[in-house]
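What follows is a single structure, written as structure tokens, with notes after it.
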Amino acid sequence: MNKNNELSEKLRRLRVFLKARRLGGVLLSTRANFSWLTGGRSNHVRSDSEKGVASLWVTPKGAELWCNSIEEKRFHEEETRGLPFIYRAYPWYEGLKPKFKKAASDDGAYGLPSLGEEVTQLRWSLTPEEVQRYREVGKLSGEAMEAVGKRLRKGWRENQVAAELSKELVGRGLEATVVLIGSDERLKRYRHPIPTSKKIEQTVMMVICARGYGLIANLTRTVHFGPMPMDLRLRHQACLQVECAMWAKTKVGVKASGVFEACVSEYNALGFPGEWKKHHQGGPTGYDTRDYLATPSCENRLVENQAIAWNPSITGTKSEDTVLLTKKGLEVLTPTPNWPMANVRHGGKDYRRPDILVKR
């Protein structure tokens with residue numbers, strides 16, 4: 001699928017959405033939806049905001065790009081070059097005062113009703129072109145993780161690890177949207193360990209969410225220095241078992257609640273009841289770190305060509321990769337081929353999952 005076919009397909013989805021809701025148009029302003037419709041382009045200036053500096057106005061018959069006079073030239077010449085949008089620029093000091101009739105938005109802009117969650121569903125099934133871009137983002141993210149894991153040394157501070165990961169990601173053209181680093185007792189105490197100046201003594205977990213073409217790759221890896229404690233090994237192995245139970249249940253048409261039930265059942269069977277209550281277990285991903293989380297009551301069904309990142313955790317360890325759900329099964333989008341792997345057997349099927357990297 002070339003970029004014109006990809007854009008046509010996404011405009012088709014939006015127009016079916018408009019017709020079903022009897023709307024005259026929808027305004028897309030978030031970074032996620034802008035990247036989705038433009039095939040990986042970006043409308044952001046500030047990295048601390050999910051609202052961009054340009055919006056896309058889609059109607060049953062047309063598509064316009066709205067931006068202020070500061071951004072118009074750059075979008076024409078670089079960001080959206082080659083895309084068949086009609087431009088509607090306005091002076092930055094006056095703003096735009098559009099008139100709407102039966103319209104909606106993805107973020108409540110201009111006081112319009114926000115249908116952001118409903119628009120998000122249009123993104124769930126990735127186009128072939130998006131799949132190719134996701135493979136690239138995942139591969140580069142895995143390379144960044146391996147590069148830091150290889151040179152990581154005992155005594156490094158957590159924030160030094162975070163800096164190295166960010167450097168590797170940015171150097172590959174990616175944006176680090178989340179970088180979590182937890183070591184030793186902090187790793188056991190906190191599920192979201194924001195990096196600190198603490199020095200690594202024995203064990204460190206690295207978590208990244210890396211964005212490229214608007215798509216986010218999520219993965220976690222753990223490094224241990226010295227002989228592996230049996231308790232840590234058993235906990236990590238159990239965590240991998242839970243993940244594989246979730247993978248086995250992850251099929252097109254299955255409810256997210258069904259995967260969650262399989263997850264909780266496996267925690268209980270392995271002797272770790274209640275661990276699931278200490279952190280969410282992940283969910284579908286793509287243009288957000290998670291489009292939604294799997295819960296006992298989540299009725300959303302998994303769809304073909306959806307990206308998913310389950311992340312089961314047991315105190316002191318976690319397993320996480322971004323995978324693509326296809327009719328044939330799951331494809332790992334965030335491989336780390338040079339990382340040590342563990343064999344996991346579940347339901348008569350063998351899986352290969354990242355082990356803890358042991359360094360002396």
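Kindly establish whether PHE260 is within 29 Å of VAL131 (Cβ to Cβ) and assigned by TED's automatic domain parsing to the domain that holds ARG211.
Against the criterion (within 29 Å of VAL131 (Cβ to Cβ) and assigned by TED's automatic domain parsing to the domain that holds ARG211), PHE260 qualifies.
Yes/no matrix, rows are residues, columns are (1) more than 18 Å from LEU65 (Cβ to Cβ); (2) under 22 Å from the mean Cα position of the chain (by Cα):
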site	(1), (2)
GLU6	no, yes
LYS10	no, yes
ARG13	yes, yes
PHE17	yes, no
ALA20	yes, no
LEU28	no, yes
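Being farther than 29 Å from LYS251 by Cα, among the small types (Gly, Ala, Ser) and touching a residue at least 12 places away in the same chain (Cβ under 8 Å) holds for only one residue in GLY142, GLY173, GLY138, GLY116, and it is GLY173. Restricting attention to region 161-217, which residues are over 14 Å from ALA144 (Cβ atoms) and of a type in the set (Ser, Thr, Tyr)? Answer for region 161-217, where residues must be over 14 Å from ALA144 (Cβ atoms) and of a type in the set (Ser, Thr, Tyr): SER183, TYR190, THR196, SER197, THR203, TYR213. Cβ-Cβ distances below 9 Å connect the following pairs, each with a first residue in region 270-293 that is over 27 Å from GLY40 (Cα atoms) and in contact (Cβ under 8 Å) with a residue 40 or more places away in the chain, a second residue that is part of a strand (DSSP E or B) and among the polar types (S, T, N, Q), and a separation of six or more residues or different chains: GLU275/SER313; LYS278/SER313; HIS279/SER313. Contact map, region 300-315: residues that are in the same structural domain as VAL207 (by TED's automatic domain parsing) paired with residues that are at pLDDT below 95, Cβ distance under 7 Å, separation 6+ or inter-chain. Pairs shown: GLU304/LYS327. When restricted to residues that are of a type in the set (Ser, Thr, Tyr) and in contact with a Ser or Thr (Cβ under 8 Å, 6 or more places away or on another chain), region 86-108 contains 2. For region 282-297, taking the residues that are part of a loop (DSSP other than H, G, I, E, B) and among the hydroxyl-bearing types (Ser, Thr, Tyr), the one that is surrounded by the fewest Cβ atoms within 10 Å (Cβ to Cβ) is identified as SER297. Quick check, is LEU234 in contact with an Asp or Glu (Cβ under 8 Å, 6 or more places away or on another chain) and either closer than 19 Å to GLU185 by Cβ or not aromatic (Phe, Trp, Tyr) (or both)? For LEU234, the condition - in contact with an Asp or Glu (Cβ under 8 Å, 6 or more places away or on another chain) and either closer than 19 Å to GLU185 by Cβ or not aromatic (Phe, Trp, Tyr) (or both) - is not met. Within region 154-170, the set of residues being free of Cβ contacts under 8 Å to residues at least 60 places away in the same chain and either more than 24 Å from the chain's Cα centre (by Cα) or outside any helix (DSSP H, G or I) (or both) comprises GLY155, TRP156, ARG157. Of the residues that make up region 336-345, is at least one in contact with a Cys (Cβ under 7 Å, 6 or more places away or on another chain) and part of a strand (DSSP E or B)? The answer is yes, given that some residue of region 336-345 is in contact with a Cys (Cβ under 7 Å, 6 or more places away or on another chain) and part of a strand (DSSP E or B).
The values are calculated or read from the model by the stated rules, or taken from the named source; none is laboratory data. Just so we're clear, the structure is a prediction, and the values are computed from it rather than from any experiment. Heads up, the Cβs are rebuilt from the backbone with ideal geometry, glycines too, and the neighbour counts pull from every protein chain shown.
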